[in-house]
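Participant: The structure follows.
Since every read-out is calculated from the coordinates, none of them should be taken as a lab result. Since this is a predicted model, take the numbers as computed values, not measurements. We place every Cβ from the backbone using ideal geometry, glycine too, and count neighbours over all the protein chains shown.
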Amino acid sequence: MIKRVGVVTIHVYDQDAAIDFYTNKLGMELVRDADMGDGTRWVLVRAEEGPTTITLYKLPGHEAGQFPIGSHHPIVLVVDDLDAAYAELLERGVEFSHPPFESGADSKTAMFLDADKNELILTDSQS
C-alpha cells in the first residue's frame, strides 16, 4: 500500500516568484528547476526534514485569477514552535491570513499566503 507522499503540487502564476517565496521566505531547499521544453519547468522544493517535495507548477495558459475551480488544496507544514516560526516568517514578509490560534490540546495553527495567494497551513501539531 501507500508508503508516503512523494510530491504535492501547488499551482503558481510565476515560478521565479514562487521559488523566491518558498526558499527565501520559508527557508525550503530548491531541489530541482528543470526546463521541460515548450516553456515548461519542473520546479521542486522541500522542507529541511522529510521526504515530501512540493512542485511549484505553472498551468499553461492560465493567467492570474484564472485557475480552474478546485485546483488549490491546502498543504499543512509542521514546525516545532509555532510562535517562533510565526514571528520569523512575519519578519521575512510572509502575509498571514490568520494569526496563530489554539487548534487542539497543546497545538496551535496559523494560516499564511504564498506569492500567488495560495493559503497554506502552519502547525506545531505532530498529528
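Participant: State the antiparallel share, in %, of DSSP beta bridges confined to the chain, rounding to the nearest 5.
Facilitator: Counting only bridges with both partners in the chain, antiparallel ones make up about 70 percent.
Participant: Note the listed values (1) 38; (2) 30; (3) 47, then indicate which one is percent of Cα pairs over 24 Å apart calculated from this particular structure.
Facilitator: It is the value labelled (2).
Participant: Going by average Cβ neighbours within 10 Å, how do the peptides 11-24, 85-98, 28-41 rank, with the highest at the top?
Facilitator: 11-24, 85-98, 28-41
Participant: If you take the beta carbon distance between LYS117 and ARG4 as r and set R0 to 30 Å, what does 1/(1 + (r/R0)^6) give as a FRET efficiency, to the nearest 0.05?
Facilitator: Plugging the Cβ-Cβ distance into 1/(1 + (r/R0)^6) gives 0.60.
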